[in-house]
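The numbers here are math on the coordinates, done by the rules we state, and not lab data. Only a predicted model underlies this, so the values are computations on that prediction, with no experimental measurement involved. Positions of Cβ are backbone-derived with ideal geometry, glycine not excepted, and every protein chain shown enters the neighbour counts.
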Amino acid sequence: MRNPTCIHPVVGIDVGTKKSQIAIVLADCEPESFSIQTTSVAFQEFFSRRVFTRIVLEAGGSSAWIARLLGSMGHHVVVVDSRQSGLKHLVQQKTDKNDAAALAFLALSPRLLREVRHAPEEIESDRALLDYRTKIVSQRTSLVNFTRGKLTSLGIRVPSGSTEAFPRRAAPLVPEGLSDTLELALRRISELTAEISKIDRMVARMLERYPVAEILQTIHGVGPIISARFILRVFDPARFSKNRQVGSYLGLTPRIHQSGDRSAHNGITKAGDREMRRLLVQAAHRALGNSAPDSDIKRFGLSIAGRGGKNAKGRAVVAVARRLAVLMLSMWKSGEAWEPLRIDRQRNSSAA
């Protein structure tokens, strides 16, 4: 029998691909467990008949639509980062039922919740275009590597050059024995290149709705794809009270393990959007390149690389990638274009 003092129900949901486990907790009572299909119809039917103080679920592939659906029904929904819902890791017997119960008990302590804010639906739709482009580029890269590898195994080297022109460079080198296979591969590479070009035109039209993209692209090494992904990943710069927080959000800050008087830095956290990190690292390499203009960011990176030591260049690239993210957020908030030597100018002004 329920404790009559348990009058504020909270819910934890462990979302599965096919089924979701639901735990309902009233104050210090034992949780009630339910299992429903992971469909909008099942969720609407279950939650339309009940009133809850708070519903907690982890961020995942289905969390966005579930949060939107339950929110539209008047429920207070909190989506938390799976790595930050520490209570789950205290569960000795890890089952979907126990995970849901752990999230429900976490819902009883709102101060412990680290909420993940989902982007609006229109942002999610625009992200889908960039995600599709990433998949297509990956397919093309895989086919280029496949073709190059087959030719290399026969002692044939394809001259270096752009990926777009790879089929033209490779076609004359294909031996008769591999012609049927590699001609298919080269044709597919050309088709994917044409599709990527079409997507890039779609991205350009999409960015017309995001004027800040032009400001971000004034940074050397930042083009339409990087600016688009950054805008769609951040989507609201006001979410970050301090600009440097975006580095942590994108997983570009060092992972720290502290015990007693000892503190160790073990690489970056790699949290968040992996593709965004990859693009920022690419931009960092361009910012540090010999052909890149003199800038505060380039000087910053070269000073780190110049310290020497193990992996100095790698640390410099990651540090520049992180600083690029911070710079882009700062420019978004201020609306000011990139000034390559802003810090240098400010120092000279102060000295004058």
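When Rg and Dmax of the Cα atoms in Å is calculated directly from the model, which label among [x] 21.6, 95; [y] 25.4, 83; [z] 28.9, 102 fits?
Correct label, based on the coordinates given: [y].
Could you tell me what percent of the DSSP beta bridges with both partners in the stretch 9-112 are antiparallel, to the nearest 5?
On the way: 12 of 20 bridges.
Looking only at bridges with both residues in the stretch 9-112, the antiparallel portion is about 60 percent.
If I fit a long axis through the Cα atoms of helix 312-334 and take the longest principal axis of the Cα atoms of the chain, what angle between them do I get, 0 to 90°, rounded to 10?
Its long axis makes an angle of about 70 degrees.
Tally the DSSP beta bridges in the chain and give the antiparallel ones as a percent, rounded to 5. Let's see the in-between values first.
On the way: 18 of 26 bridges.
Antiparallel: roughly 70 percent of the beta bridges in the chain.
Can you tell me how the stretch 9-112 classifies by the Cα gyration tensor, rounded, prolate or oblate, using a/c under 1.5 as the rounded cut?
rounded
Which value in deg cm²/dmol, rounded to the nearest 500, describes the helix-derived mean residue ellipticity at 222 nm for the chain, given -39,500 (n - 2.57) per DSSP H run of n ≥ 4 and division by the residue count?
Taking each H run of at least 4 residues, the total per residue is -16000 deg cm²/dmol.
Angle between the Cα long axis of helix 224-234 and the longest principal axis of the chain, 0 to 90 degrees, nearest 10?
20
What net charge do the residues around residue 62 carry, taking every other residue with its C-beta under 12 Å from that of residue 62, with Lys and Arg at +1 and Asp and Glu at -1?
Once positives and negatives cancel, what remains is +1.
How would you rank 249, 132, going from fewest to most other Cβ atoms within 10 Å of each one's own Cβ?
Exposure proxy ranking, most exposed first: 132, 249.
Once R0 is set to 56 Å, what does the formula 1/(1 + (r/R0)^6) return for the Cβ-Cβ distance between residue 245 and residue 176, expressed as a FRET efficiency to the nearest 0.05? Working shown, then result.
Details: r = 59 Å, r/R0 = 1.05.
The calculated FRET efficiency here is 0.45.
Order by neighbour count: 181, 38, 147, fewest other Cβ atoms within 10 Å first, most last.
181, 38, 147
Sort 55, 343, 66 so the one with the fewest other Cβ atoms within 10 Å of its own Cβ comes first.
343, 66, 55
Give me the distance between the Cα centres of the stretch 270-310 and the stretch 123-186, rounded to whole Å.
Rounded to whole Å, the Cα centres lie 28 Å apart.
Within the chain, how many Lys pairs that are eight or more residues apart, or on different chains, come under 14 Å at the alpha-carbon? If you can, show how the numbers build up before the last one.
Numbers: 19/97; 88/97; 242/333; 298/313.
Summing the qualifying lysine pairs gives 4.
Cut-off 10 angstrom, C-alpha nodes, Gaussian network model of the chain. Which of 96, 126, 180 fluctuates the most?
Of 96, 126, 180, the Gaussian network model singles out 180 as fluctuating most.
Rounded to the nearest 0.05, what FRET efficiency do residue 114 and residue 49 have when you use their Cβ-Cβ distance and R0 = 35 Å?
After rounding to 0.05, the efficiency reads 0.70.
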